[in-house]
Each structure stands twice: as C-alpha cells, then as structure tokens.
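Only one structure is covered here, and it is reproduced in the block below.
The values are calculated or read from the model by the stated rules, or taken from the named source; none is laboratory data. These numbers were taken from a predicted model, which means no experiment stands behind them. Glycine gets a Cβ as well: all are built from the backbone with ideal geometry, and neighbour counts include every protein chain shown. Surface areas here come from the heavy atoms of the whole protein model, side chains and all, with no ligands, DNA or RNA. Shrake-Rupley method; radii C 1.70, N 1.55, O 1.52, S 1.80 Å.
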Amino acid sequence: MTKQKRRNKNMSKSNKKRNAVIISIAFLFTSFSSCKGQVEFGANLLHLDKTITLPDVKGRIDHMEVNLKDQVLYVAALGNNTLETVDLRNGKIIHSIKGLDEPQGIGYSPQTKEIFIANGGSGDCYFYNAQDFEKVATIHLASDADDVRYDSVEKKIYVGYGEGGIAVIDAGTHKQIGDVKLPAHPESFQLDKKLNLLFVNLPNANMVGVIDLKQLKLIDKWERNSPTANFQMALDTIQHRVFVGYRHPATLIVLDGKTGKEISSNKMVGDADDLYYDKETAEVLVSGGDGHISIFQQQGKDIFKQIANIQTSNGARTSLFIAQLKIFVVAARATSSKPASILVYKIIQ
C-alpha cells in the first residue's frame, strides 16, 4: 500500500470517529432539549410566590376563574368531579362543591355573586351562590358543556357545548336567550366587543370561526390544514390580533382579527391548554403540560419573539392570567409522588 493510500485510509478512519463524536454530541443536546429537558431562560419574568396544595384532588384539572373582590380562585377539578374554591390571599381551600359531572368551564358574576359551572358529562350548567355555595339554578345543554365566557357589561354568559354550539345565557334570569350553530365542538373562544365579533377555535373542523354577536351567526371560517388541534386562544382587542395555540406541532399563530391573515408563527410549549395576552407588556403567556411556560413579546408591528421558557411541573397545562393582581396561576395535577397544587407566580415587570 502506498503512503498516499495509507494516509487516505487513516484520514477516513479519523473522519468516521469525528463524525461519530459529532453525532453523539448532537444526540445528547437533542435529548437535553427535548420536552422533558428544555433549556430554561427568562425565569426572572415570573416569581413563584406560593404553592397551594389541593390534597384531595385527583385527575385532570380544567378551567379556572377568579372572584377579584375577594381574591378567590375557582378551580374545575374535572377528574375529581368537584369545584375547588381557593383563598389566594391565605393560600388555602375554602370549600369544595362535590357531585359534579366533569366540570369544565367556570364563570363568576360579581353583580349576582354567583358561580357558573359547565359540566362536560351531563351538559348541565349550574348556578351557585358564592357566599353559601347553595345551588340556585340549572340549565341543561347537550353533552360536553365546556368553555365559558362572561360579558359583565351585558350580563351574558357564553357556553360552548355539544357537537357544535355556543349557548347564550342571561346571568340575571338564569335563562338561555340565544344559540349559535357551529360545524364542530368549540374549544376556547374570545369576544371582541369593539368589532362585535366572537372568535372560536373549532379543531375538529380545522378552523377558527368568526361569529357576529348581533346576529349570533357564523359569518366567516379561517381554515388551515397545518398545524392542527387549535385549542387555546387570546385576543389583543386594541390591535385586533387573534392568538391561536396549536398542539400538533406546538405552535403559536398570530392572526389579523379583521382578515384572518397570518401575521406570525412561533414554536411554543407542548400540550398547551391556556394562553393569555397581557396588554400592559404586549406579552403572550402559554402554559403547557410538558412542564413549561412560554412567554412571547411583541417586538415590532408583526414580530413576536419568545423571551422565556420557564419550568413548572409535568402535566401543569391549565392556567389563569389575572392582570389586576399581576399574577399568573398554574394548576398542577396530582402525580404518584406529589399532590395536586396551584402554583401562583408574580409577574415581574
């Protein structure tokens, strides 16, 4: 064998070893950066102020709502068939409403001082007195009564339900006064009173629906084939931006609220269940079941940049942003080693 051939052979062996090392390093980095080992940054934006234990709550936790005046948090413990009432000031459970049927959506009316609970199992929606927790009214919808929005100005409760509908309920009379027919079950939806529109996620139809609030009618469909599973939504009602969270793959899409045109797209936390827009900081906060909070900030008219990826707890996908108290509340479901809990983060500005 000539010297040149031996040199080429040795170089080939060396390159193979070098490539193997590079592949190993890449694999280790990829593993470290996977959903269970994402690189954390921006932790200075949130401070874990307190952890409130929910020792008797098992299974999935769904939506939450707040009574601002009394600083009381209402937690839909879907897997536990209970509503947990939590004192945010003192960090303790006040009361537990038992015997529910997969509670999902929660609303609170400060005018009537009543709690509204949408049950996914039976479709029944209950009104409870927030002082003594006595049931005061029931409205029956089709199965899977889900997300809830309360319009405190018009005192109307909107409830997504069934195979495709949003019911409108008068909070004062406890009567259903309207209904919107939809092509699929609605997930998160938001009201833009300035545009007099309601935007709704319809993941089984691969679209965002646009509803005219006066006509109570679907007037537009923003369809897309990828990404899919659009469950979370928030609004910027000043610039008319619609923030939509998709699960497959985990993506935050920003849409123009007047045209439906895509403005921005970013990867985000996996298995997300809630997202919110903070108009004071122009930030979007997303909580995900893979155990992180993603925070994005608007940096220019159409630019949204991720500024934080903060570790929480595996399965902690449900959250509530309470702007008036400057806190971000995350619900962590029970595991084999830890009880369920409410993680209360102070927002650092």
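Before moving on, here are some points about what is shown:
- Extension gain (nm, one decimal) between GLN324 and LYS261, 0.36 nm per residue minus Cα-Cα: 19.6 nm
- Gain in span if fully extended, ASN196 to LYS50, counting 0.36 nm per residue against the direct Cα distance: 48.7 nm
- Positive-end residue, the stretch 138-218 charge dipole about Cα centroid, Cβ charges, pick of HIS140, GLY172, PHE189: GLY172
- Pairs spanning more than 21 Å between alpha-carbon atoms, out of LYS69/LYS92; LYS113/LYS194; LYS155/LYS346; LYS221/LYS267; LYS181/LYS261; LYS69/LYS214: LYS113/LYS194; LYS155/LYS346; LYS221/LYS267; LYS181/LYS261; LYS69/LYS214.
- Length added when fully stretched, ILE348-GLN176, from 0.36 nm per residue minus Cα-Cα: 57.8 nm
- Top of PHE127, PHE41, PHE296 by mean-square fluctuation, Gaussian network on the chain, Cα under 10 Å: PHE41
- Top of LYS156, LYS69, LYS258 by mean-square fluctuation, Gaussian network on the chain, Cα under 10 Å: LYS69
- FRET efficiency for SER226 and GLN131, using Cβ-Cβ distance with R0 set to 51 Å, rounded to 0.05: 0.55
- Highest mobility in the GNM of the chain, judged by mean-square fluctuation with C-alpha springs under 10 Å and restricted to SER337, SER264, SER319, is found for SER337.
- Estimated [θ] at 222 nm from DSSP helical runs (n ≥ 4, -39500 (n - 2.57)) normalised by residues in the chain, nearest 500: -3000 deg cm²/dmol
- Taking every protein chain into account, the accessible area of the stretch 52-183 amounts to 41 square angstrom per residue (probe 1.4 Å).
- Separation between Cα centres of the stretch 122-155 and the stretch 187-212, rounded to whole Å: 21 Å
- Whole-percent pair-distance distribution, where bins are 10 Å wide, for the alpha carbons of the chain: 5, 24, 32, 22, 7, 4, 3, 2, 1, 0
- Protection-proxy order for peptides 172-185, 142-155, each taking the mean of Cβ atoms within 10 Å per residue, highest first: 142-155, 172-185
- Charge-dipole axis of the stretch 46-113 as Lys and Arg at +1 and Asp and Glu at -1 on Cβ define it, positive-most pick from LEU88, TYR108, ALA77: LEU88
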